[in-house]
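Have a look at the structure below, then the notes.
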Amino acid sequence: LRRAAASASTAPPPAPPDVGPTNPWARPAPWLGAYYQLRQGDPAAMHNRERRRGKAAPKRGRFITQEVERREVARRNVAEPWRDMKGFDRGDILEVEHRPADVGSDGPTERVVGVCIAKHHRALGSSFRLLCKPDDLPVEYQFAAYSPLLVSVDVRSRPRKRPRLSKLYYLRQRASELKFPEPRRPEGKRR
């Protein structure tokens, strides 16, 4: 019996099933698409493959740009702590001193007072939205936190209760009911 079992284990493995034109899996079905076919001669497949190769490079370099931006944000926050948007939150009444874009970086500054209705955290592209009423006309500003045109941001008051929503866009419809204090005049300037 032992010899029969030993000779059975050394027998060659069974042959694979016949893969020929009668087998339905001999060639991938057309609905299987590019996953099961290389499509070497197809110009559309070659074009897509080349296009995907070009998109892979920026994904590898994204870490480098994120690290450079993170360091630049940290450097600017140390130099000017008011630029870090952790000092205020949505719902706060802010006074923002800025230079208008058409004047440039050496021109006179303007001060506006309004409620912060949104904050957008995107490294150097971070910004916040301010709903104001200069001349009793509702206006919404979007200030880039790290823009050289932004001179200062001061918190004038905070709400008694923190808003539950992360974006206070509903205040746009209630802008006529909002009341804001007058902007402070810079020292040394009189009417």
Dividing the mean separation of Cα pairs under 8 Å (6+ apart) by the residue count of the range 70-149 yields a relative contact order in percent of 25 percent
Rounded, prolate or oblate for the range 68-161? Axes are the square roots of the Cα gyration tensor eigenvalues, ordered a ≥ b ≥ c, and the cut-off for rounded is a/c under 1.5. oblate
Scattering curve values for the range 106-186, log₁₀ I(q)/I(0), Debye with Cα scatterers, q = 0.21 Å⁻¹: -1.16
List the trypsin sites (Lys or Arg not before Pro) in the range 140-187 that DSSP assigns to loop (not H, G, I, E or B) and whose Cβ has at most 16 other Cβ atoms within 10 Å. Which are they? Arg160, Lys161, Arg164, Lys167, Arg174, Lys179, Arg184
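Values quoted throughout were computed directly from the atomic coordinates according to the rules given, and no laboratory measurement underlies them. Keep in mind the model is a prediction, meaning the values are calculated, not measured. When we count neighbours, we look across all protein chains shown, and the Cβ atoms used for this are built from the backbone with ideal geometry, even at glycine.
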